[in-house]
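Just below is one structure, and these are the notes that go with it.
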Amino acid sequence: MSVFTPVGREQLVAFLRHYTVGDLLAHEGISDGIENTNYFVTTDRQEMVLTLFETHSFDEMGYFLDLMAHMSEHGVPSAHPVADNNGHYLRELNKRPAALVEKLAGTSLDHPTSNQCSTLGATLARMHIAGSSFSGRRANGRGHDWRMATANKLLEKLSPPQAQRLRIEIDYQQANRFDALPGGVIHADLFRDNALWSGDTLTGIIDFYYACDDAWLYDIAVAANDWCVEADGAFVASRFNALIGAYHDVRTLTDDEKAAWPVVVRAAALRFWLSRLHDWHFPRPGEITHRKDPDVFGRIMHMRQAHAGALLIGA
């Protein structure tokens, strides 16, 4: 995503000698995103994406890459990691864990349609089902405890209206937990820029680097808060109903999940409002950096607090 750790041509040529991927023709830093260093890599045989992981350890990365391979091998459109000559997905580059993955066809969407939201919902449900056979386990690093700790860290940085809104949400989330909902592997970051399309065909879900075990409903809420909203953060009923309906057709939502929606959709909004506020007030240095506007999720958070039940699942 952003380039925090520059990679020179000679360094990359040496790195690629450990793979059977051909000779390097070009590489280019990718400026979108905020967490890892990414490059497009083109050889005389194929196109790939190189990622240097800035916040995850070498041991942690095994989970993500194995999960990506599992999803790809179980029919979920996603990028398969490229194995080196010893069959490993992960190596070290510039003192960072690094991996190559397939570059998928397609582009991300700025303005998804109801049909595309339907396709996404059905694919998300199939991904949750496929994850049930994955043996790896990982707690949500941006789960309830992180949200509460980060919220308290940020309070003194915010304007009085923002701080008041955040205090309201801290109290609400502390009083309304959803730990007992059905769950398993989730993507946890399925925004529009993490899905590639060719027309109405979903060619790939990418960037599984927040994947973890948590409530499946939370994953739906994360997606809905990005795919199904107006500029002011309000839900678009047609897209919302398309996403939820298609998901429900593949994996039936329980009554407990339907009842928990107002709590979970607020938690999903809170998570991204907090992470963007944190990146804004505590930025990391990088050669190319892209900080996302926290006000986008400030508006979504405001809407969820005021109208969390405006679109209820099964209503």
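To keep it simple, each residue is scored yes or no on (1) more than 21 Å from ILE129 (Cβ to Cβ); (2) aromatic (Phe, Trp, Tyr).
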{"site": "GLU60", "(1), (2)": "yes, no"}
{"site": "TYR63", "(1), (2)": "no, yes"}
{"site": "MET71", "(1), (2)": "no, no"}
{"site": "HIS80", "(1), (2)": "no, no"}
{"site": "TYR89", "(1), (2)": "yes, yes"}
{"site": "GLU102", "(1), (2)": "yes, no"}
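So, in region 78-89, exactly how many residues are within 15 Å of the chain's Cα centre (by Cα) and either surrounded by fewer than 21 Cβ atoms within 10 Å (Cβ to Cβ) or of a type in the set (A, V, I, L, M) (or both)?
So in region 78-89, the residues within 15 Å of the chain's Cα centre (by Cα) come out as 78-79.
Restricting the remaining residues to those that are either surrounded by fewer than 21 Cβ atoms within 10 Å (Cβ to Cβ) or of a type in the set (A, V, I, L, M) (or both) gives 79.
The number of residues fulfilling the criteria is 1.
Only one residue in ALA188, ALA180 is within 18 Å of PHE64 (Cβ to Cβ) and assigned by TED's automatic domain parsing to the domain that holds THR119. Which one?
Matching residue, one of ALA188, ALA180: ALA188.
ILE220 fails exactly one of the following numbered conditions: (1) hydrophobic (A, V, I, L, M, F, W, C); (2) over 18 Å from SER275 (Cβ atoms); (3) more than 12 Å from the chain's Cα centre (by Cα); (4) modelled with pLDDT of 95 or more. What is the number of that condition?
That leaves (3) as the condition not met.
Here is a yes/no grid of residues against (1) out of contact with any strand residue (DSSP E or B) (no Cβ under 9 Å at 6 or more places or on another chain); (2) modelled with pLDDT of 95 or more; (3) at positive phi:
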{"residue": "HIS248", "(1), (2), (3)": "yes, yes, no"}
{"residue": "ARG251", "(1), (2), (3)": "yes, yes, no"}
{"residue": "GLU257", "(1), (2), (3)": "no, yes, no"}
{"residue": "VAL263", "(1), (2), (3)": "yes, yes, no"}
{"residue": "LEU270", "(1), (2), (3)": "yes, yes, no"}
{"residue": "SER275", "(1), (2), (3)": "yes, yes, no"}
{"residue": "PHE282", "(1), (2), (3)": "yes, no, no"}
{"residue": "ILE288", "(1), (2), (3)": "no, no, no"}
{"residue": "ARG291", "(1), (2), (3)": "yes, no, no"}
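Across region 36-47, which residue is modelled with the lowest pLDDT among those that are touching a helix residue (DSSP H, G or I) at 6+ places or on another chain (Cβ under 9 Å) and closer than 18 Å to ILE206 by Cα?
Looking at the filtered set, the residue picked out is TYR39.
Any residue in region 37-49 that's in contact (Cβ under 8 Å) with a residue 12 or more places away in the chain: show its pairings with residues that are among the aromatic types (Phe, Trp, Tyr) and assigned to a strand (DSSP E or B) at Cβ separation under 8 Å, as long as the two are six or more apart or on different chains.
Here the result reads GLU47/PHE40; MET48/PHE40; VAL49/TYR39; VAL49/PHE40, each pair linking region 37-49 to a residue that is among the aromatic types (Phe, Trp, Tyr) and assigned to a strand (DSSP E or B).
Among the residues of region 61-76, is there at least one that is out of contact with any Asp or Glu (no Cβ under 9 Å at 6 or more places or on another chain), surrounded by fewer than 15 Cβ atoms within 10 Å (Cβ to Cβ), assigned by TED's automatic domain parsing to the domain that holds GLY22 and charged (D, E, K, R)?
Residues of region 61-76 out of contact with any Asp or Glu (no Cβ under 9 Å at 6 or more places or on another chain): 61-71, 73-76.
Among the residues that remain, those that are also surrounded by fewer than 15 Cβ atoms within 10 Å (Cβ to Cβ) are: 73, 75.
In the following step, the residues that additionally are assigned by TED's automatic domain parsing to the domain that holds GLY22 were identified as 73, 75.
From the residues that got through so far, the ones that are charged (D, E, K, R) too are 73.
Yes, region 61-76 has at least one match.
Per-residue answers, yes or no, for (1) in a strand (DSSP E or B); (2) over 15 Å from the mean Cα position of the chain (by Cα):
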| site | (1), (2) |
| --- | --- |
| HIS18 | no, yes |
| GLY22 | no, yes |
| GLU28 | yes, yes |
| SER31 | no, yes |
| GLU35 | no, no |
| PHE40 | yes, yes |
| ARG45 | no, yes |
| GLU54 | no, yes |
| ASP66 | no, yes |
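Being assigned to a loop (DSSP other than H, G, I, E, B) and either among the polar types (S, T, N, Q) or closer than 13 Å to VAL49 by Cα (or both) is the filter here, so list the residues in region 91-111 that pass it.
ASN94, LYS103, LEU104, ALA105, SER108, listed by residue number.
Tally time: how many residues in region 293-315 are touching a strand residue (DSSP E or B) at 6+ places or on another chain (Cβ under 9 Å) and at pLDDT below 90?
Looking only at that region, the number is 3.
The values are calculated or read from the model by the stated rules, or taken from the named source; none is laboratory data. Quantities reported herein were computed from a predicted structural model and do not represent experimental measurements. Backbone-built Cβ (ideal geometry, glycine too); neighbour counts: all protein chains shown.
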